[in-house]
1. List D135, D40, D119 from most exposed to least, where exposure is judged by having the fewest other Cβ atoms within 10 Å.
2. Between K53 and K133, what length in nm is gained on full extension when 0.36 nm per residue of separation is reduced by their alpha carbon distance?
Amino acid sequence: REQELVDALTDVASSPITPPEVTQELPVLDPSILIDMVGDDVETLHEVIATYKDTLPPLLVQLEQDLASGDLESAAGAAHSIKGGAANLGGGRLRHIAAGIESAARNEDGDACIPLLADASRELDRLIRALAKQDWKKT
């Protein structure tokens, strides 16, 4: 099912906005992505999570500042970094929202980025909570 949703998003890649109904179908957290990346090394897994928990919120602040100043090139770069971090953590929703922001910024459509910024902030909070709640010893 997730692959179908990814394919659907790929079909609308020319649109800078991620359809909300598609984003809501994606998991907040797919723990298998982190497990695939670090294996059964729980210590490394916690280090990876801590690194992203430290870097993603400031990137979101930078993205907001870039959009407020009209620096869409920098906004696209910040959104790209958020997208990559979310992908590495298994945050499907945040990844797709950040992709929408990146696309809109690269298409010089700052107005399309603004509503997605609130979505990104909300999904980052959800992802961080999901990471904290996940029992990594059972996955």
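1. Working: D135 7, D40 10, D119 19.
Ranked by crowding around the Cβ, least crowded first: D135, D40, D119.
2. On the way: separation 80, 0.36 × 80 = 28.80 nm, distance 1.39 nm.
Between K53 and K133, full extension yields 27.4 nm more.
Quick note: the coordinates plus some simple rules give every number you see, no bench work behind them. For clarity, every value in this text was computed on a predicted model and none was experimentally measured. We place every Cβ from the backbone using ideal geometry, glycine too, and count neighbours over all the protein chains shown.
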